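Everything on this sheet refers to the single structure shown next.
The values are calculated or read from the model by the stated rules, or taken from the named source; none is laboratory data. Quantities reported herein were computed from a predicted structural model and do not represent experimental measurements. A quick note on method: Cβ atoms are made from the backbone with ideal geometry, for glycine too, and the neighbour counts reach across all protein chains shown. When the accessible area is computed, the model is the full protein with side chains, heavy atoms only, and any ligands, DNA or RNA have been set aside. Shrake-Rupley method; radii C 1.70, N 1.55, O 1.52, S 1.80 Å.
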Amino acid sequence: MKKKLLTIMLIILVAITLVGVIAVVVVTKLSDPTSAEDKPSIDEIVESSVEVPEITTNLAGNDYIKISFMVQTENKKAKEELEKRNFQVKNIIITELSEMKAEELTGKKGKEKLQEALKTRMNELMEEGKVEKVYITSSILQ
């Protein structure tokens, strides 16, 4: 009687373990963030992006910059909201740039820092969605 009970318990334990492993594998495969389905196509990116025309402003110091951006949002509603907030976006860009020196904007790291700061500040404004990425489309530093 004890051997039969022990065998049944062992079978149940193995079955539960097997179901758990299968569940973990299925959940991991379904929620893979690098799958091709999650990545938007270039057409979807262009559809949900807003162009910020060239802005000329002073930097901290005697230098000035001419710069323009393309801002990628997560969906069309976010794009529409960002287009309405155009004046606020320009204000964010000008205030962020006014705190930076020319040396901070030269090189890849400086530009990436600016892009990340702008993305963070723009996302603080957004109600309908979020900003995915900020691209610098032109830049002249003098």
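Condition check ((1) over 28 Å from Glu127 (Cα atoms); (2) of a type in the set (D, E, K, R); (3) out of contact with any helix residue (DSSP H, G or I) (no Cβ under 7 Å at 6 or more places or on another chain)) across all residues:
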{"residue": "Lys39", "(1), (2), (3)": "no, yes, yes"}
{"residue": "Asp43", "(1), (2), (3)": "no, yes, yes"}
{"residue": "Glu47", "(1), (2), (3)": "no, yes, no"}
{"residue": "Glu51", "(1), (2), (3)": "no, yes, yes"}
{"residue": "Gly61", "(1), (2), (3)": "yes, no, no"}
{"residue": "Tyr64", "(1), (2), (3)": "yes, no, yes"}
{"residue": "Asn75", "(1), (2), (3)": "no, no, yes"}
{"residue": "Ala78", "(1), (2), (3)": "no, no, yes"}
{"residue": "Leu82", "(1), (2), (3)": "no, no, no"}
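Looking at (1) open to solvent by 100 Å² or more (accessible area, probe 1.4 Å); (2) touching a residue at least 12 places away in the same chain (Cβ under 8 Å), which is the only condition Ile45 fails?
Looking at each condition in turn, Ile45 falls short on (1).
Just the residues that are open to solvent by less than 30 Å² (accessible area, probe 1.4 Å) and part of a strand (DSSP E or B), please, taken from the range 59-108.
Of everything in the range 59-108, those that are open to solvent by less than 30 Å² (accessible area, probe 1.4 Å) and part of a strand (DSSP E or B) turn out to be Ile65, Ile67, Ser68, Phe69, Val71, Gln72, Thr73.
Would the range 84-98 turn up any residue that is in contact (Cβ under 8 Å) with a residue 60 or more places away in the chain and touching a helix residue (DSSP H, G or I) at 6+ places or on another chain (Cβ under 8 Å)?
no
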